[in-house]
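Down below is the structure, laid out as structure tokens.
The values are calculated or read from the model by the stated rules, or taken from the named source; none is laboratory data. Everything numeric here is computed off the predicted structure, so don't read it as measured data. Heads up, the Cβs are rebuilt from the backbone with ideal geometry, glycines too, and the neighbour counts pull from every protein chain shown.
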Amino acid sequence: MRLDLGDLGFDEGAHLLVKRASRQLSLGEEMHVTGNAPELFTHLRVWCRSEGSAFRLESGRGGDASAAIIRSAAESDRWAGAESCGGARGSEPAAVVEQPPRTWGLAARGATVEVGAPEYGFTLVDKTEVWSAQAPRFYAQGAAAQWDPQTAIPWDAPCDVPDDVEDAIVQIMTYLIENETAALMVPSRFIAQLHPHFREVMQVLALQAADEARHIEIFTRRALLKRDKLGLSTSGGQASLKTLIEEPDYAVASFLLSVLGEGTFLNLLRFIEMHASDPITAAVARFAAQDEARHVAFGLAHIGEHLERNPAARSRLAAGVRRRSDALRHTAGLNAEVFDALIILAAGSWEHAAIRRGFQRVMQLTRDMDEGRQKRLARLGFDQREAMELSGLHTRNFM
Amino acid sequence: MRERGAFVLGAVAYDPKVVAIWDGFQSYFERNGLAFDYVLFTNYERQVEAHFAGQIDIAWNSPLAWLQAERIAAALGRRVEAVCMRDTDRDLTSAILVRSDGELQKVADLKGKRVAVGAHDSPQATLIPLDFIADGGLIPGRDFEVRYFDLLVGKHGDHIGGEREAARALLRGDVDAACMIDSNVLLFAQEATLPSGSTRVLAHTPAYDHCNFTVLDGAPAGSVQRFRELLLAMSYSDPDVRPLLDMEGLKRWMPGRTAGYGALSAALDRFGTVDEFVLFASARTCA
């Protein structure tokens, strides 16, 4: 084989042409390289040495120099035993393997991985536990539904709210920020433990974290619209959230956060939207609920598939709820200030009749939350008795 | 505590990666039944003396250290052997570079000029090229000025810094020519230390060889043999050893050969570079 490099030098990328041509050589076959770039043969000799290829300078016909090089086995040796790590398209049935080796590491799913790569410490490596066939769809939906906090919320809309109601809104926002922080941290923790082979799950979790980041922003901004200080944070509320972010089991954490916690939050956010007396509060609740609905749907899909593949996991999920309830037995759960703030929001004034109405609405909210949790538990195959029990044990802090 | 009977290698710590390299080799040798340990030195002279003092069994020697050991051994009536070397240690050349737009066309044109070289003890960037120029009739220091770029003397030019500084001096016009190993001609071109077309090769030295694993007579023959076998058995297709080969810059180990040290030996004879060291090290070894 002959290769003429013309005036292309090794300081201009000539090695690419030599590499490409030498791949077509059989082992031991010679290739004759010509060219007239300055110092071409000095560079070629060094390049061959570093590649393990033999090099011999020869004087060509007509006085032009050329070099004979013989391809070494080094490149094929490097890729001997390399394996394909699944398929790139998550929608294809065989694309995602049951237990991807940790040595596949960060390689893109579908890439060819050199043998000998370091072993990563991912702990979530079992498809049964983490995968959802619907993850690609949820990721696409989530990516398309990202909104800009600056433009989505009508920050300049009229916001003529009585002082007491404004205080209540600030307290509710303070509580929401705290809870959304937990909802940001839970998926973030698991992203770092998840084998990137489960790419679409990783992407869905990343979007969830991004969603929560926006929620934290808009709740903070609403709280500070007319006030310089935020409200109260109780130790009971924090104790509840701590049990959530410290839950080590991914499926249990996903169940507690997305199915039960964010599911309950859907009712709460719709309640706030419905009873808000200003359009800004209504909008922040509406936009957050829109994202939370997707998180709940993904949680249901993931846990549903998990239980389908591993029905025995149902008792583990239930145990997770009971364990959390036990841990919180001696705490107050939802802080009284938030509870009262919700009544004031729903009442809109201090009229007795209004307060009574607000109180009834909050009672109805807790019943709606319970009903919603039971429905979701039933969808996951829990029987009515267990669904009632588990819903009843869910934290009084809602999330 | 390590096994007392371990086969001990000496190596010079010219770069922090040296620790990772020899830790890796230690693990490879021990996996294959050769009790192995290593000692790092800050310079080759100390390593050569430690070798003759019996503190190490085998030395990963620069070509200059090999010749130092060979000459001390000759003075003491002992023998040295080159056990193995890298495929990339064979048939190297050095180049004398000049600026493309300059008028220098042949080695004789260096008369009265300023020539940049590497460290005083660099075989590839100083000793071999200066001897090559001297073969052409120009004596360094008399017929042309030598500008040394002395980074890390004692490491025999293993550190690339001196040659890079020499290349930069050439570009700046501080010198008229610069000497370096051929692999740096390519490296400096690819990293744009030497922009494309800015320099050209005035001359190449004849080919020479570089490092080898050196043993003295009296080294434990069984361990030396096992060491050699295990090195030659390392395959680039083995993912466990490939990272070590990549770090050490080779695709396969070759048997040691000593035919490629003639050019450097001639340079040492001409310049007397190691005479004093050989004399005193031999005397200290006897004492």
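The table below lists the values:
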| read-out | value |
| --- | --- |
| Selection status of B:R142, within 14 Å of chain A (Cβ to nearest Cβ), at pLDDT 95 or above and over 24 Å from the mean Cα position of the chain (by Cα) | no |
| Residue in the stretch A:56-68 that is farther than 27 Å from A:L16 by Cβ, at pLDDT below 90 and within 42 Å of the chain's Cα centre (by Cα) present | no |
| The stretch A:20-36, residues that are within 14 Å of chain B (Cβ to nearest Cβ) and out of contact with any Leu (no Cβ under 9 Å at 6 or more places or on another chain) | A:L27 |
| Whichever residue in the stretch B:226-255 is within 12 Å of chain A (Cβ to nearest Cβ) and among the aromatic types (F, W, Y) and, among such residues, is nearest to B:F36 (Cα to Cα) | B:W253 |
| Extreme residue, surrounded by the most Cβ atoms within 10 Å (Cβ to Cβ), among residues of the stretch A:96-143 that are within 14 Å of chain B (Cβ to nearest Cβ) and among the hydrophobic types (A, V, I, L, M, F, W, C) | A:W104 |
| Among (1) farther than 30 Å from A:T281 by Cβ; (2) modelled with pLDDT under 95 - the single one A:V97 does not satisfy | (2) |
| Test for A:R71: is it touching a Phe, Trp or Tyr at 6+ places or on another chain (Cβ under 8 Å), among the basic types (K, R) and surrounded by 15 or more Cβ atoms within 10 Å (Cβ to Cβ) | no |
| Checklist (1) over 18 Å from the mean Cα position of the chain (by Cα); (2) within 14 Å of chain A (Cβ to nearest Cβ); (3) of a type in the set (G, A, S) applied to B:G77, failing item | (2) |
| Meets criteria (out of contact with any Asp or Glu (no Cβ under 9 Å at 6 or more places or on another chain) and under 22 Å from B:L64 (Cα atoms)) for B:L279 | yes |
| Condition met for B:S237 (among the polar types (S, T, N, Q), assigned by TED's automatic domain parsing to the domain that holds B:E49 and out of contact with any helix residue (DSSP H, G or I) (no Cβ under 8 Å at 6 or more places or on another chain)) | no |
| Test: residue in the stretch B:253-260 that is assigned by TED's automatic domain parsing to the domain that holds B:K106 and hydroxyl-bearing (S, T, Y) | no |
| Lone unmet requirement of (1) among the hydrophobic types (A, V, I, L, M, F, W, C); (2) away from chain A (no Cβ under 14 Å); (3) more than 30 Å from B:T285 (Cα to Cα) for B:V98 | (2) |
| Residue check for A:S315: surrounded by fewer than 18 Cβ atoms within 10 Å (Cβ to Cβ), polar (S, T, N, Q) and in a helix (DSSP H, G or I) | yes |
| Leading residue by the ranking (nearest to B:L245 (Cα to Cα)) among those in the stretch A:37-64 that are away from chain B (no Cβ under 13 Å) and in contact (Cβ under 8 Å) with a residue 24 or more places away in the chain | A:E58 |
| Flag for B:L202 being over 23 Å from B:A125 (Cβ atoms), surrounded by 21 or more Cβ atoms within 10 Å (Cβ to Cβ) and within 14 Å of chain A (Cβ to nearest Cβ) | no |
| Per-region count, the stretch B:107-123, residues modelled with pLDDT of 95 or more and either surrounded by fewer than 23 Cβ atoms within 10 Å (Cβ to Cβ) or within 14 Å of chain A (Cβ to nearest Cβ) (or both) | 7 |
| Every residue from the stretch A:221-241 that is in a helix (DSSP H, G or I) and surrounded by fewer than 17 Cβ atoms within 10 Å (Cβ to Cβ) | A:R221, A:S235, A:Q238 |
| Residues of the stretch B:156-169 classified as crowded, with 23+ Cβ neighbours inside 10 Å and either away from every other protein chain (no Cβ under 14 Å) or more than 13 Å from B:V98 (Cβ to Cβ) (or both), total | 5 |
| Filter result (within 14 Å of chain A (Cβ to nearest Cβ) and closer than 23 Å to B:P206 by Cα) within the stretch B:171-193 | B:A178, B:C179, B:M180, B:I181, B:D182, B:S183, B:N184, B:V185, B:L186, B:L187, B:F188, B:A189 |
| Filter result for B:R270 (under 22 Å from the mean Cα position of the chain (by Cα) and either within 14 Å of chain A (Cβ to nearest Cβ) or farther than 26 Å from A:L44 by Cβ (or both)) | yes |
| Top-ranked residue in the stretch A:65-77 [being within 13 Å of another protein chain (Cβ to nearest Cβ) and polar (S, T, N, Q); ranked as nearest to A:V115 (Cα to Cα)] | A:S76 |
| Criterion (crowded, with 19+ Cβ neighbours inside 10 Å, touching a Lys or Arg at 6+ places or on another chain (Cβ under 7 Å) and assigned by TED's automatic domain parsing to the domain that holds A:A346) met by exactly one of A:V170, A:V161 | A:V170 |
| Yes/no for A:F298 being under 23 Å from A:E180 (Cα atoms), part of a helix (DSSP H, G or I), at pLDDT 95 or above and out of contact with any Pro (no Cβ under 9 Å at 6 or more places or on another chain) | yes |
| Every pair of residues 6+ apart whose Cβ atoms lie under 9 Å, when the first sits in the stretch B:40-56 and is in the same structural domain as B:R71 (by TED's automatic domain parsing) while the second is basic (K, R) and assigned to a helix (DSSP H, G or I) | B:E49/B:R284; B:F52/B:R284; B:A53/B:R284 |
